[in-house]
Amino acid sequence: MVERIKDARPMMDLMAKKVFSNPEITAQFIRDILDLPVHHVKILDGTQIHNHQFEDIKTYVTSIDVLAELNDGTQVIIEIQVAYQFDFIKRLWLYLCNQVTKNADEHKKDGVETHKLAEELLPVYTIAITQKRYFKDDKMVHVYCFKEKNTNDELKVYFKGFEEKQDLALMAFLELDKYNPTKIKQYRKVRWIEFFGNKPYTQNPEAILETADMIMNRMNWTKEEQVMFDDRTRKLDGYYAHLEYVA
């Protein structure tokens, strides 16, 4: 495989956290994938890089959980999935539901009466970047919403502070294994598959992607981060070698 950046691993939790800790990059990513008018974002969770102890093999399966809040209050969960997991889509839906519940509980603490909780809730959406295929077609990017079964009308509702109705739910998926540079239709979305797949860009990258590439350059990292990256790389390589051996 031709790597855009030698030995970079954008799908590793440590590297992905560094990328998404940049609010401008996260804002552009969400704009491109969900087609939302994002002005700025605040990273609520996922900014800290931790030196996890790989005591449980499950640690290798789910790599990151980033929670971003947009300027209008909309929250977006960004999840990266390296290894195929049968129930991953249901787990992603569970994350979305849990976040909605958590937000409702926060309003309860503020004294909002139970029957008025729905008035206070704001949209929560999810974006998953997956190494493996989860859908049988060849589309590299899917964005799902609630639709009426027969008419295909989208289910949208009014949220507090929004002038127009918004999607009740959005779940987006970027599948890296489906990457095909000859079948690109929506490049602003697919360029993120090139980024996280460490592929050469098929169009000149904008400044935001150049910034993201600079963040991935470990020459700019602290010594502690470089040590964590090397340690995690060794353990992941050992795990993947084990999988190939037992397959």
Stretch residue 150-residue 91 to full length: gain in nm at 0.36 nm per residue minus the Cα-Cα span?
18.5 nm
Just want the answer: with Cβ charges of +1 for Lys and Arg and -1 for Asp and Glu, which residue in 77, 16, 43 is farthest toward the dipole's positive end in the chain?
16
Dipole in debye (nearest 20) - the chain, about Cα centre, beta carbon charges: Lys, Arg +1; Asp, Glu -1:
620 debye
When we measure straight from the Cα of residue 185, which lysines land under 19 angstrom away, once same-chain ones fewer than 8 places off are left out?
136, 139, 199
How large is the Kirkwood hydrodynamic radius of the chain, in angstrom, based on all distinct alpha carbon pairs?
19.4 Å
Mind checking the log10 I(q)/I(0) for the stretch 109-242 at q = 0.22 Å⁻¹? Debye, one equal scatterer per Cα, no solvent, two decimals.
-1.30
Relative contact order for the chain: what percent, with Cα pairs under 8 Å and sequence separation of 6 or more?
21 percent
Relative contact order of the stretch 147-226, please, whole-number percent, based on alpha carbon pairs below 8 angstrom and at least 6 residues apart.
13 percent
Could you name the lysines in cross-link range of residue 17, using Cα to Cα under 17 Å and dropping any fewer than eight places away on the same chain?
42, 223
Report the calculated FRET efficiency for residue 234 and residue 105 (r = Cβ-Cβ distance, R0 = 51 Å), to the nearest 0.05.
0.80
What helices in the chain pass both tests, a Cα length along the helix axis of 15 Å or more and a mean Kyte hydropathy of 0.0 or higher, using whole DSSP H runs?
23-34
Looking at 179, 221, 67, which one has the Cα that reaches farthest to the positive end of the dipole of the chain (charges on Cβ: Lys, Arg +1; Asp, Glu -1)?
179
Once you have a ≥ b ≥ c as the square roots of the Cα gyration tensor eigenvalues for the stretch 63-133, tell me rounded if a/c is under 1.5, and otherwise prolate or oblate according to whether a/b is larger than b/c.
prolate
Under 15 Å Cα-Cα from residue 147, which aspartates and glutamates qualify once same-chain neighbours fewer than 8 residues away are excluded?
167
Dipole magnitude of the stretch 148-247 about its Cα centre, charges +1 at Lys/Arg Cβ and -1 at Asp/Glu Cβ only, in debye to the nearest 20?
160 debye
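Just so you know, all these numbers are worked out from the coordinates, no wet-lab data involved. This structure is a prediction, so every number in the text was calculated from the model and none was measured. Methodologically, a virtual Cβ is constructed for each residue, glycine included, from the backbone with ideal geometry; neighbour enumeration extends over all protein chains shown.
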